[in-house]
Amino acid sequence: MIGVCVLGSTGSIGVSTLDVLGQHPQHYRVTALTANRDVDGLEAQCRRFRPALAVMADQDAALELRRRLHGSLPGTQVSAGMDGLLEAAADTNADYVMAAIVGAAGLLPALAAVEAGKRVLLANKEALVMSGQLFMDAAQRHGATLLPIDSEHNAVFQCLPTGFRNGLERAGVSRILLTASGGPFRDATLEQLSAVTPEQACAHPNWDMGRKISVDSATLMNKGLEVIEACWLFGTAPEQVQVLVHPQSVIHSLVQYVDGSVLAQLGNPDMRTPIAHALAWPHRLSSGVAELDLFEVARLDFQAPDLQKFPCLALAYRAMQAGGSAPAVLNAANEVAVAAFLDRRIGFTHIPQVVETTLDAMPVAAMMDVKHVLETDRRARAVAEQKAAALIE
Ligand code: NAD
Ligand code: MG
């Protein structure tokens with residue numbers, strides 16, 4: 001039996017992960033489940049999967065969960081806060097850790113899993129964007145196996161030869177092609193974009209996701225974060241990563257080789273496919289995803305992304321090219337801007353403005369350790385809050 005800890009189990013990725021695990025109880029046992037403050041959600045998951053540990057990041061929520069489980073679920077210990085999250089991630093009962101907390105809040109737990117040498121199923125792209133080289137070095141130093149859950153990166157991983165870690169050039173790879181749906185406003189005008197509401201931004205045409213990543217998909221910042229994620233995961237430069245808008249979301253990404261071959265991974269847009277792939281790798285596992293019907297798909301379209309309309313993608317390339325602290329600043333400014341947009345404090349087209357002015361305001365520094373990453377994140381958030389407030393004065 002393989003022990004699996006699911007960080008962020010009540011979210012979109014967490015729920016899909018438990019769906020796959022629930023289909024294979026003979027192979028996997030859930031060791032720990034964690035959430036922020038959704039007591040109802042975590043309580044129901046605990047009753048079904050009976051983990052030894054349940055963690056709520058929020059202290060009051062943890063007290064409430066402990067009260068509810070007391071007596072009826074004696075095998076589940078309830079912990080709270082960052083200490084609880086770190087305990088779940090590094091727990092010796094867990095062989096695999098699904099890192100599916102959203103945003104910078106997931107960095108330390110994901111890193112704890114890496115430092116404990118786990119198989120880490122990485123959904124939390126923000127953690128890697130913020131800490132880049134430090135994260136990859138830690139994985140190597142502690143013998144962790146990093147498997148991408150992001151559908152594009154999982155697709156690229158499936159299209160690369162096993163020896164790709166010795167260098168993409170040696171593997172004959174000339175380019176990584178990341179596909180993007182283009183989001184719900186692919187064909188909107190700039191004027192229409194400025195009037196977009198949080199409800200419209202969160203209604204994605206092909207994927208059902210958490211609110212933060214839904215907004216990121218609508219601004220194309222999600223693709224920008226994914227370009228940075230690809231550079232770290234596959235050891236390549238941003239110039240080698242090209243984004244293709246592919247509205248059907250059937251090809252999840254492609255790898256181009258020097259001999260002219262292009263390998264792609266296709267499937268219905270359902271995150272249970274990459275989740276099942278990473279759980280079973282190097283084997284295969286059924287996921288509950290319907291078989292792809294190419295006759296029904298009928299056609300596959302591609303277009304170049306519009307960087308005028310979606311400046312977030314260009315800002316992400318700029319941050320990766322600048323290196324050092326710039327990707328962490330980009331990520332923090334984006335998290336602040338997206339939260340302000342979801343709170344209706346700023347408009348949709350203000351999001352790239354907050355990110356750009358924050359990047360402009362903060363000099364690029366080398367990142368020495370994780371403390372430095374967290375300090376950069378904190379400072380960039382403060383600057384971004386000022387920039388957001390200035391925009392609406
Ligand atoms: P979500 O908002 O649906 O879920 C987030 C989870 O994290 C929840 O369980 C929540 O309780 C927990 N959480 C939130 N804030 C927390 C905090 N401060 N401390 C501890 N836990 C906290 O998000 P999601 O869509 O499942 O995305 C999760 C991650 O996976 C993100 O990094 C996202 O970019 C990535 N991802 C998601 C998808 C998708 O299809 N949803 C696809 C690719 C990558
Ligand atoms: Mg993705």
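The values are calculated or read from the model by the stated rules, or taken from the named source; none is laboratory data. Here the structure is a predicted model, which means the values were calculated and not measured. All Cβ positions, even for glycine, are placed from backbone atoms using ideal geometry, and neighbour counts span all protein chains on display.
Things worth noting here:
- Exactly one residue out of Ala380, Ala384, Ala361 is buried (at least 17 other Cβ atoms within 10 Å of the Cβ), of a type in the set (Gly, Ala, Ser) and more than 21 Å from the chain's Cα centre (by Cα): that is Ala384.
- Test result for Thr17, modelled with pLDDT of 95 or more, surrounded by 19 or more Cβ atoms within 10 Å (Cβ to Cβ), over 17 Å from the mean Cα position of the chain (by Cα) and of a type in the set (Ser, Thr, Tyr): no
- Hits in region 16-38 (condition: aliphatic (A, V, I, L, M) and either more than 8 Å from ligand 1 (Cβ to nearest atom) or under 17 Å from Val120 (Cβ atoms) (or both)): Leu18, Val20, Leu21, Val30, Ala32, Leu33
- Test: residue in region 180-191 that is more than 14 Å from ligand 1 (Cβ to nearest atom) and among the small types (Gly, Ala, Ser): yes
- Helices (runs of 4 or more DSSP H) enclosed by region 1-93 - at least 3 residues per element that are in contact (Cβ under 8 Å) with a residue 60 or more places away in the chain: 12-23, 81-90
- Note on region 117-138: among residues that are surrounded by 24 or more Cβ atoms within 10 Å (Cβ to Cβ) and more than 20 Å from Thr179 (Cα to Cα), the one that is farthest from ligand 1 (Cβ to nearest atom) is Lys118.
- Residue count for region 223-252 satisfying the condition of being touching a residue at least 40 places away in the same chain (Cβ under 8 Å) and either within 15 Å of ligand 1 (Cβ to nearest atom) or in a loop (DSSP other than H, G, I, E, B) (or both): 18.
- Verdict on Gly163 being away from ligand 1 (no atom under 15 Å from the Cβ), surrounded by 22 or more Cβ atoms within 10 Å (Cβ to Cβ) and of a type outside the set (Val, Ile, Thr): no
- Subset of region 369-393 (residues that are at pLDDT below 95, out of contact with any helix residue (DSSP H, G or I) (no Cβ under 6 Å at 6 or more places or on another chain) and of a type outside the set (Val, Ile, Thr)): Glu393
- Gly210 fulfils the conditions (1) over 20 Å from Leu292 (Cα atoms); (2) under 21 Å from the mean Cα position of the chain (by Cα); (3) at pLDDT 95 or above except for a single criterion, (3).
- Just one residue in the set Val336, Val262 is over 20 Å from Pro184 (Cα atoms), among the β-branched types (Val, Ile, Thr) and surrounded by 22 or more Cβ atoms within 10 Å (Cβ to Cβ); that residue is Val336.
- Within the option set Gly183, Gly172, being on the phi > 0 side of the Ramachandran plot and modelled with pLDDT of 95 or more holds for one residue only, Gly172.
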